[in-house]
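Trainee: Quick one: the structure is below, and I'll ask about it shortly.
The values are calculated or read from the model by the stated rules, or taken from the named source; none is laboratory data. Quantities reported herein were computed from a predicted structural model and do not represent experimental measurements. Using ideal geometry, Cβ is built from the backbone for each residue, glycine included, and neighbour counts are taken over all protein chains shown.
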Amino acid sequence: MTDRTTIACGRCGRDVSSEAPRCPECGADPRTGESAYRGRDADKARVCEGVGIRFAAQAVDGVFLLLVFILVSYAVYLVMTGAGEFAVVGEEPSSLPFWVAFLSGSFLYYWICEGVWGRTLGKRLFDLRVVRVDGAPAGPGRALVRTLLRPVDALPAAYLLGACVIWLTRRDQRLGDLAAGTVVVRPRMVPLERLNEPAARVIPWSPGG
């Protein structure tokens, strides 16, 4: 049941307290959707983010997934050892099932997190969000395309191809973003005179985005 003290912001759609004077996401009056920064020389906007902060978020996600993989693998190993699975002397267990499980789990992690919430744990830590180029939520379909192309963007190593494409595109999009029609954004204060400039890389607010 929805909390009656919570309302959806009229500008970005985020659930906020009905008593809040300003939405923490977009900086608007949540009741009217109008910017709380009117009359000033800047406004809060969604700005496309480049390689640096996205690499940091990716590193956090990588460490998280690796820790989960190690813990789960160790637990499975203990269970299999107790069941006598490795009783044959000299027989080395195959690591293939573990790697298949890790890659499958990583795929589901990125797809579900970005498709449902628009962000992974790493992106949440750095206040990043995946949205469509028009500001609407990415959704499961576009998140699926984005996730399927992660291995391509990761070529030849350390997401080098993806980083090069980000540097070359106006909205800082990797190949997965270009195919899915998505961008990675972060709320920032932007001078009013720059809001409509292409170089500002501003993505419009969209309710529910």
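Trainee: If you go through segment 162-209, how many residues are more than 20 Å from Cys12 (Cα to Cα), among the hydrophobic types (A, V, I, L, M, F, W, C) and in contact with a helix residue (DSSP H, G or I) (Cβ under 6 Å, 6 or more places away or on another chain)?
Mentor: Residues flagged as more than 20 Å from Cys12 (Cα to Cα), among the hydrophobic types (A, V, I, L, M, F, W, C) and in contact with a helix residue (DSSP H, G or I) (Cβ under 6 Å, 6 or more places away or on another chain) within segment 162-209 amount to 6.
Trainee: Oh, and also: Might you let me know whether segment 151-168 holds any residue that is assigned to a helix (DSSP H, G or I), at pLDDT below 95 and charged (D, E, K, R)?
Mentor: no
Let's see how each residue does on (1) surrounded by fewer than 14 Cβ atoms within 10 Å (Cβ to Cβ); (2) of a type in the set (Ser, Thr, Tyr):
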site: Asp134; (1), (2): yes, no
site: Leu144; (1), (2): no, no
site: Thr147; (1), (2): no, yes
site: Arg150; (1), (2): no, no
site: Ala154; (1), (2): no, no
site: Leu161; (1), (2): no, no
site: Val165; (1), (2): no, no
site: Thr169; (1), (2): no, yes
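Trainee: State yes or no: is Trp205 among the aromatic types (Phe, Trp, Tyr), surrounded by fewer than 16 Cβ atoms within 10 Å (Cβ to Cβ) and either at pLDDT 95 or above or more than 16 Å from the chain's Cα centre (by Cα) (or both)? Break it down into steps so the answer makes sense when it comes.
Mentor: Working: among the aromatic types (Phe, Trp, Tyr): yes; surrounded by fewer than 16 Cβ atoms within 10 Å (Cβ to Cβ): no; either at pLDDT 95 or above or more than 16 Å from the chain's Cα centre (by Cα) (or both): yes.
Judged against the criteria, Trp205 is not a match.
Trainee: Filtering segment 171-190 down to residues that are surrounded by 15 or more Cβ atoms within 10 Å (Cβ to Cβ) and touching a Phe, Trp or Tyr at 6+ places or on another chain (Cβ under 9 Å), which residue is farthest from Trp117 (Cα to Cα)?
Mentor: Step by step, filter segment 171-190, then rank; the result is Arg174.
Trainee: Go through (1) within 23 Å of Thr182 (Cα to Cα); (2) more than 18 Å from the chain's Cα centre (by Cα); (3) modelled with pLDDT under 90 one by one and return the number of the condition Arg11 breaks.
Mentor: (3)
Trainee: If you check Arg119 against the conditions, is it surrounded by 14 or more Cβ atoms within 10 Å (Cβ to Cβ), of a type in the set (D, E, K, R) and within 19 Å of Asp61 (Cβ to Cβ)? Please lay out each step first, then the result.
Mentor: Numbers: surrounded by 14 or more Cβ atoms within 10 Å (Cβ to Cβ): yes; of a type in the set (D, E, K, R): yes; within 19 Å of Asp61 (Cβ to Cβ): yes.
Yes, satisfied.
Trainee: Sticking with this one: The conditions are (1) in the same structural domain as Ala59 (by TED's automatic domain parsing); (2) farther than 14 Å from Glu49 by Cβ; (3) of a type outside the set (Asp, Glu), and Gly209 fails exactly one of them. Which is it?
Mentor: Exception for Gly209: condition (1).
Trainee: Does segment 134-145 contain any residue that is closer than 19 Å to Ala59 by Cβ and assigned by TED's automatic domain parsing to the domain that holds Leu65?
Mentor: Step one: filter segment 134-145 for residues closer than 19 Å to Ala59 by Cβ, giving none.
Checked segment 134-145: no residue is closer than 19 Å to Ala59 by Cβ and assigned by TED's automatic domain parsing to the domain that holds Leu65.
Trainee: If you go through segment 171-202, how many residues are in a loop (DSSP other than H, G, I, E, B) and under 19 Å from the mean Cα position of the chain (by Cα)? Steps first, answer last, please.
Mentor: Narrowing segment 171-202 to residues in a loop (DSSP other than H, G, I, E, B): 171-174, 181, 195-197, 201.
If we keep only those that are under 19 Å from the mean Cα position of the chain (by Cα) too, we end up with 171-174, 181, 201.
Of the residues in segment 171-202, 6 are in a loop (DSSP other than H, G, I, E, B) and under 19 Å from the mean Cα position of the chain (by Cα).
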